[in-house]
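A.B. asks: Take this structure, written in structure tokens, and hold onto it; I'll ask about it next.
The values are calculated or read from the model by the stated rules, or taken from the named source; none is laboratory data. Please read these numbers as outputs of a predicted model, since none were measured by experiment. Here the Cβ is made from the backbone with ideal geometry for all residues, glycine too, and neighbour counts use every protein chain on show.
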């Protein structure tokens with residue numbers, strides 16, 4: 001494997017004229033202090049919220065450029081007293097929006113307003129367990145009840161709810177209960193999972209929250225089983241469930257000595273910079289809200305289109321996909337190299353100090369060396385008493 | 001009874017045209033979240049649907065702007081406009097309203 005030359009790369013990179021989606025951190029304030037939060041304790045950033053008019057001016061630019069969707073996050077977006085005016089700005093500029101929230105500040109009034117816009121794709125609420133004793137461990141006392149109340153308010157108003165469960169040491173044994181609670185008791189169509197990653201506050205509390213190898217393996221097996229039991233209504237783009245699926249495929253490919261898959265063997269783990277971009281709470285444009293140290297420009301001072309099309313730092317991230325894993329000592333001799341994507345550049349940065357590096361956290365070889373095993377078979381839940389062999 | 005001037009289509013002002021790669025684009029209706037990919041000819045037609053151009057004029061403009069436009073272009077343009085009409089991407093001026 002070798003790096004392709006730059007002109008060859010430039011021919012192959014196809015970037016839209018403008019981003020389709022933008023992740024907006026509307027505020028750096030939050031009513032909770034979760035012990036694994038990726039946002040807070042970021043040494044590179046000292047945030048200050050922007051006034052309403054600055055955001056509205058920027059939303060005007062987004063609308064003119066044909067941006068289709070804004071994801072309004074934070075901090076906690078419902079902390080903004082001017083949230084209604086900001087959402088009106090999104091709507092007036094012919095965009096749709098999603099929100100990421102802890103749910104605690106959602107009420108009939110603000111949810112009713114959101115429902116009335118007809119433009120909300122979904123509101124994602126974090127639920128980390130089936131009961132307060134589990135959920136509140138990392139998110140704070142009372143947070144479970146208020147999150148569930150928020151979800152039920154959204155459900156009553158027919159606003160699509162997307163629940164995300166972040167798996168950590170204190171809820172890994174509650175996965176089955178949580179799945180049952182979300183899918184059966186609350187009647188959600190689905191939910192997604194992730195795990196506490198070495199970012200932000202989690203770096204400070206890593207020993208107390210991040211999964212051990214044994215817990216990670218248990219979570220992988222349990223989630224595969226639950227996903228089967230609930231007919232695929234549990235999803236993941238990162239964390240134990242995503243890893244279980246990806247690593248089984250990689251192991252199968254290695255066993256069969258399969259040829260390298262397209263887009264594998266290079267740093268292809270992140271496709272975000274070709275379709276979306278992000279803005280920090282202080283108005284600084286960044287590639288992703290987990291790569292907040294890479295400052296590309298500032299809203300209302302720099303042209304979003306120019307940043308999107310011409311920023312050298314953003315283009316470097318896009319060209320990252322042409323860096324072969326064979327370039328890295330870390331990957332030397334790895335039997336999975338032809339099937340690996342190197343995974344998330346943000347985690348790579350926090351773990352190695354380098355964006356252009358595979359993420360050690362997502363390394364299958366390292367997981368195996370640390371005593372982990374790729375799930376080969378799993379058991380449906382005890383009430384079913386059925387053993388199922390996974391077809392390899 | 002409302003009578004619409006079906007000969008002069010008007011692009012729905014709420015719809016957004018995103019020009020993306022190689023002159024291709026996406027028409028997006030933020031109210032319905034409906035999106036449809038369109039080719040360069042489709043983009044040109046979209047831009048001509050201003051209520052000023054009738055179907056004949058749109059076809060003539062397309063023949064001016066693009067090389068090797070087939071003879072059946074008029075039918076294809078009408079079919080394209082009808083499709084957008086059904087999806088709610090265009091509207092028409094009201095010609096008359098009988099009580």
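A.B. asks: Given the criteria over 27 Å from residue A:52 (Cα atoms), touching a helix residue (DSSP H, G or I) at 6+ places or on another chain (Cβ under 6 Å) and surrounded by fewer than 23 Cβ atoms within 10 Å (Cβ to Cβ), does residue A:174 qualify?
C.D. replies: Against the criterion (over 27 Å from residue A:52 (Cα atoms), touching a helix residue (DSSP H, G or I) at 6+ places or on another chain (Cβ under 6 Å) and surrounded by fewer than 23 Cβ atoms within 10 Å (Cβ to Cβ)), residue A:174 qualifies.
A.B. asks: Then there's this: Of all residues in region A:272-287, which are in contact with a helix residue (DSSP H, G or I) (Cβ under 8 Å, 6 or more places away or on another chain) and either crowded, with 23+ Cβ neighbours inside 10 Å or at pLDDT below 95 (or both)?
C.D. replies: Within region A:272-287, A:273, A:274, A:277, A:279, A:285, A:287 meet the criteria.
A.B. asks: Right, here's the next one. Looking for something surrounded by 13 or more Cβ atoms within 10 Å (Cβ to Cβ), more than 14 Å from chain A (Cβ to nearest Cβ), within 29 Å of residue B:1 (Cβ to Cβ) and within 10 Å of the chain's Cα centre (by Cα) - is there at least one such residue anywhere in region B:60-76?
C.D. replies: No: region B:60-76 contains no residue that is surrounded by 13 or more Cβ atoms within 10 Å (Cβ to Cβ), more than 14 Å from chain A (Cβ to nearest Cβ), within 29 Å of residue B:1 (Cβ to Cβ) and within 10 Å of the chain's Cα centre (by Cα).
A.B. asks: What do you reckon, is residue A:356 within 29 Å of residue A:58 (Cβ to Cβ) and in a loop (DSSP other than H, G, I, E, B)?
C.D. replies: no
A.B. asks: Between A:230, A:218, which is at pLDDT 95 or above and under 25 Å from residue A:368 (Cβ atoms)?
C.D. replies: Only one candidate qualifies: A:218.
A.B. asks: I would also like to ask the following. Determine if region A:361-377 includes at least one residue that is touching a strand residue (DSSP E or B) at 6+ places or on another chain (Cβ under 9 Å) and either modelled with pLDDT of 95 or more or surrounded by fewer than 22 Cβ atoms within 10 Å (Cβ to Cβ) (or both).
C.D. replies: Yes, region A:361-377 has at least one match.
A.B. asks: Okay, next question. Considering only region A:262-294, how many residues are in contact with a strand residue (DSSP E or B) (Cβ under 9 Å, 6 or more places away or on another chain) and part of a loop (DSSP other than H, G, I, E, B)?
C.D. replies: 15
Yes/no matrix, rows are residues, columns are (1) modelled with pLDDT under 95; (2) over 22 Å from the mean Cα position of the chain (by Cα); (3) over 17 Å from residue A:155 (Cβ atoms):
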{"residue": "A:99", "(1), (2), (3)": "no, no, no"}
{"residue": "A:107", "(1), (2), (3)": "no, yes, no"}
{"residue": "A:112", "(1), (2), (3)": "no, yes, no"}
{"residue": "A:124", "(1), (2), (3)": "no, no, no"}
{"residue": "A:130", "(1), (2), (3)": "no, no, yes"}
{"residue": "A:135", "(1), (2), (3)": "no, no, yes"}
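A.B. asks: If I filter region A:216-237 down to residues being part of a loop (DSSP other than H, G, I, E, B) and in contact with a helix residue (DSSP H, G or I) (Cβ under 8 Å, 6 or more places away or on another chain), which single residue comes out as nearest to residue A:74 (Cα to Cα)?
C.D. replies: Here the residue is A:236.
A.B. asks: Another question, if that's okay. Do we find that residue A:252 is in contact (Cβ under 8 Å) with a residue 40 or more places away in the chain, surrounded by fewer than 16 Cβ atoms within 10 Å (Cβ to Cβ) and part of a helix (DSSP H, G or I) in this structure?
C.D. replies: Yes: the conditions hold for residue A:252.
A.B. asks: To continue, here is another question. For residues that are at the interface with chain A (Cβ under 10 Å from one of its Cβ atoms), over 12 Å from residue A:94 (Cβ atoms) and exposed (fewer than 14 other Cβ atoms within 10 Å of the Cβ), tally how many sit in region B:1-22.
C.D. replies: Of the residues in region B:1-22, 2 are at the interface with chain A (Cβ under 10 Å from one of its Cβ atoms), over 12 Å from residue A:94 (Cβ atoms) and exposed (fewer than 14 other Cβ atoms within 10 Å of the Cβ).
A.B. asks: Still on this model: Can you tell me how many residues in region B:30-51 are within 9 Å of another protein chain (Cβ to nearest Cβ), surrounded by 14 or more Cβ atoms within 10 Å (Cβ to Cβ) and out of contact with any helix residue (DSSP H, G or I) (no Cβ under 9 Å at 6 or more places or on another chain)?
C.D. replies: Qualifying residue count, region B:30-51: 3.
A.B. asks: I'm trying to understand the selection: among the residues of region A:193-215, which are out of contact with any helix residue (DSSP H, G or I) (no Cβ under 6 Å at 6 or more places or on another chain), part of a helix (DSSP H, G or I) and over 13 Å from residue A:35 (Cβ atoms)?
C.D. replies: The answer is A:213, A:214.
A.B. asks: Same structure, new question: In region A:55-72, what residues are away from chain B (no Cβ under 14 Å), in a helix (DSSP H, G or I) and buried (at least 21 other Cβ atoms within 10 Å of the Cβ)?
C.D. replies: A:55, A:58
A.B. asks: Next question. Might you check whether a residue that is at pLDDT 95 or above, assigned to a loop (DSSP other than H, G, I, E, B) and at positive phi occurs anywhere in region A:299-314?
C.D. replies: Yes, the conditions are met somewhere in region A:299-314.
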